[in-house]
1. Identify, by number, the condition in (1) over 28 Å from Tyr25 (Cα atoms); (2) touching a Gly at 6+ places or on another chain (Cβ under 7 Å) that Glu149 doesn't meet.
2. For the stretch 122-180, what are the residues that are among the β-branched types (Val, Ile, Thr) and over 28 Å from Met233 (Cβ atoms)?
3. Considering (1) over 19 Å from Ser142 (Cα atoms); (2) more than 13 Å from the chain's Cα centre (by Cα); (3) among the hydrophobic types (A, V, I, L, M, F, W, C), say which one Ile51 fails and leave the rest.
4. Report, by residue number, each residue of the stretch 79-130 that is touching a residue at least 24 places away in the same chain (Cβ under 8 Å), surrounded by fewer than 18 Cβ atoms within 10 Å (Cβ to Cβ) and among the aliphatic types (A, V, I, L, M).
5. Checking Asp133 against (1) at pLDDT 95 or above; (2) over 30 Å from Gly26 (Cα atoms); (3) surrounded by fewer than 15 Cβ atoms within 10 Å (Cβ to Cβ), which single condition isn't satisfied?
6. Would you mind telling me which numbered condition in (1) over 17 Å from the mean Cα position of the chain (by Cα); (2) without any contact (Cβ under 8 Å) to a residue 60 or more places away in the chain; (3) closer than 20 Å to Leu128 by Cβ; (4) assigned to a helix (DSSP H, G or I) Asn158 fails?
7. How many residues are more than 16 Å from Arg232 (Cβ to Cβ) and either buried (at least 16 other Cβ atoms within 10 Å of the Cβ) or aromatic (Phe, Trp, Tyr) (or both) if we restrict to the stretch 1-37?
Amino acid sequence: MHREIHAWHSPNLNKQMEIAVYGHYGFALLMFPTAAADYLEYERFQLIDSIRSFIDSGKVKAFSINSINNESWLNAHVPPPYRALRHQQYNQYVTEEVVPFILNHCSRETMIVTVGASLGALHAANTLFRRPDIFAGTIAMSGSYDIKEYSDGYYDDNCYFNSPVDYLSNLNDNGILSALRGKQHIYILSGQGSYEAPERSQHLGRILGSKGIPHQVDLWGHDIGHDWPTWRMMLPHVLGTKF
């Protein structure tokens, strides 16, 4: 499997940010790490290996980026307004820096699908819902889509516009709705076992349904917990059956 590591100093985040690239061809998977993890997490926990056949065959090309969750929502040492602002800066890094890198690395017509597990699922889904003009779909596994679970009671515009269950509920912009209604690849997955919260996926699904946005909520069994073996099954299943 072809593998490259790239890095640059991000002007949006004012820090060095790395990205791992796997494969030569195919549509792009933009992968957001879990919790406070880094750009090599999906490699360390064999999620990349689980989709190796899709990468080697040229079906997908994976781009795994760094998180800054330990500077935003997981940073108890800074006030919540700063955490929310840092998240917004991360959004800008993704759209203004990572997306051009992907398109230059592939082609201007490349389809980009976001992927994430746990806290990475929030980023993956939020990234699509905020910018359906850029992204083609999302595979969100075992996520919570309410930013209030991370904001310690604080709430401002940067929280609202990064909390899909909130802003989607009130979404009435015909342009954004039309773009989202045209998506064919919105997959929200969850197990029903230990440490999973399938009701969060169901809640997001109900909101999407109320807005006429096509999607699939896929709940796996009560023996499927919130852990790497789950995601190593889910992601290749979606890639193999939905694309």
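1. Only one criterion in (1) over 28 Å from Tyr25 (Cα atoms); (2) touching a Gly at 6+ places or on another chain (Cβ under 7 Å) is unmet by Glu149, namely (2).
2. Ile134, Ile176
3. (1)
4. Those that are touching a residue at least 24 places away in the same chain (Cβ under 8 Å), surrounded by fewer than 18 Cβ atoms within 10 Å (Cβ to Cβ) and among the aliphatic types (A, V, I, L, M): Leu85, Met111.
5. (2)
6. (2)
7. Residues in the stretch 1-37 being more than 16 Å from Arg232 (Cβ to Cβ) and either buried (at least 16 other Cβ atoms within 10 Å of the Cβ) or aromatic (Phe, Trp, Tyr) (or both): 16 in total.
The values are calculated or read from the model by the stated rules, or taken from the named source; none is laboratory data. This is a predicted model, so every value here is computed, not measured. Here the Cβ is made from the backbone with ideal geometry for all residues, glycine too, and neighbour counts use every protein chain on show.
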